1. Of the residues that sit in region 95-116 and are among the hydrophobic types (A, V, I, L, M, F, W, C) and part of a strand (DSSP E or B), which one is surrounded by the fewest Cβ atoms within 10 Å (Cβ to Cβ)?
2. Every residue in region 58-71 that is more than 19 Å from GLU12 (Cα to Cα) and open to solvent by less than 30 Å² (accessible area, probe 1.4 Å), please.
3. Let me confirm something: among ASP54, ASP74, which residue is within 18 Å of GLN5 (Cα to Cα), under 13 Å from the mean Cα position of the chain (by Cα), open to solvent by 10 Å² or more (accessible area, probe 1.4 Å) and of a type in the set (Asp, Glu)?
4. Given the structure, is SER123 in contact with a helix residue (DSSP H, G or I) (Cβ under 9 Å, 6 or more places away or on another chain), open to solvent by 50 Å² or more (accessible area, probe 1.4 Å), more than 12 Å from TYR35 (Cα to Cα) and outside any strand (DSSP E or B)?
5. Can you pull out every residue in region 79-94 that is outside any helix (DSSP H, G or I) and of a type outside the set (A, V, I, L, M)?
6. Do any residues in region 78-107 that are within 23 Å of GLN3 (Cβ to Cβ) have Cβ atoms under 6 Å from those of residues that are in a strand (DSSP E or B) and open to solvent by 60 Å² or more (accessible area, probe 1.4 Å), where the two are at least six apart or on different chains, and which pairs are they?
7. Just give me the residues in region 1-27 being open to solvent by 30 Å² or more (accessible area, probe 1.4 Å) and farther than 16 Å from PRO69 by Cα, in sequence order.
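The values are calculated or read from the model by the stated rules, or taken from the named source; none is laboratory data. Quick caveat: nothing in here was measured; it's all calculated off a predicted structure. Note: ideal-geometry Cβ built from the backbone for every residue, glycine included; neighbour counts use all protein chains shown. For the accessible areas, the whole protein counts, side chains as well, though only heavy atoms, and no ligand, DNA or RNA atoms are used. Shrake-Rupley method; radii C 1.70, N 1.55, O 1.52, S 1.80 Å.
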Amino acid sequence: QVQLQESGPGLEKPSQTLSLTCTVSGGSITTNYYYWSWIRQPPGKGLEWIGYIDYSGSTAYSPTLKSRPSISRDTSKNQFTLQLSSVTPADTAVYYCATDPTGDSSYVNFGSWGQGTQVTVSS
């Protein structure tokens with residue numbers, strides 16, 4: 001079974017760039033035909049899709065976040081990363097990586113989830 005685990009700093013100052021890494025085990029980000037996704041959940045709010053990188057390296061992002069997110073991958077380490085620039089306190093959330101089998105960002109259908117990592121943006 002594919003397993004995912006998020007890692008990265010839990011605290012960021014406003015205007016900085018957040019960087020999170022998802023480590024994949026039990027599968028391959030290149031040979032498993034998934035859309036490797038990032039979503040988040042602010043306190044007291046619902047889930048928000050951020051974007052994905054697929055098995056070929058193609059990316060897509062939520063238009064509500066404008067051009068701030070960037071997703072990349074390291075195939076030798078079986079990892080994919082999220083960078084979110086110019087963060088504000090509104091970016092405080094639990095961040096998850098997950099597998100999307102269809103690429104339509106319908107997260108209720110996501111197959112595998114990481115446990116999530118808390119990120120707090122504060123001065």
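1. Looking at the filtered set, the residue picked out is TRP113.
2. Scanning region 58-71 gives ALA60, SER62.
3. Details: ASP74 fails: under 13 Å from the mean Cα position of the chain (by Cα).
Only one candidate qualifies: ASP54.
4. Spelling it out, SER123 is indeed in contact with a helix residue (DSSP H, G or I) (Cβ under 9 Å, 6 or more places away or on another chain), open to solvent by 50 Å² or more (accessible area, probe 1.4 Å), more than 12 Å from TYR35 (Cα to Cα) and outside any strand (DSSP E or B).
5. First, pick out the residues of region 79-94 that are outside any helix (DSSP H, G or I): 79-88, 92-94.
GLN79, PHE80, THR81, GLN83, SER85, SER86, THR88, THR92, listed by residue number.
6. Note: pairs meeting the criteria are PHE80/ARG73; ALA93/GLN41; VAL94/GLN41; VAL94/GLN118; TYR96/TRP113; ALA98/TRP113.
7. Those that are open to solvent by 30 Å² or more (accessible area, probe 1.4 Å) and farther than 16 Å from PRO69 by Cα: GLN1, GLN3, GLN5, SER7, PRO9, GLY10, LEU11, LYS13, THR23, SER25, GLY26.
The rows are residues; the columns are (1) of a type in the set (Ser, Thr, Tyr); (2) modelled with pLDDT of 95 or more; (3) assigned to a loop (DSSP other than H, G, I, E, B); (4) at positive phi.
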{"site": "LEU4", "(1), (2), (3), (4)": "no, yes, no, no"}
{"site": "THR21", "(1), (2), (3), (4)": "yes, yes, no, no"}
{"site": "TRP36", "(1), (2), (3), (4)": "no, yes, no, no"}
{"site": "ARG40", "(1), (2), (3), (4)": "no, yes, no, no"}
{"site": "PRO43", "(1), (2), (3), (4)": "no, yes, yes, no"}
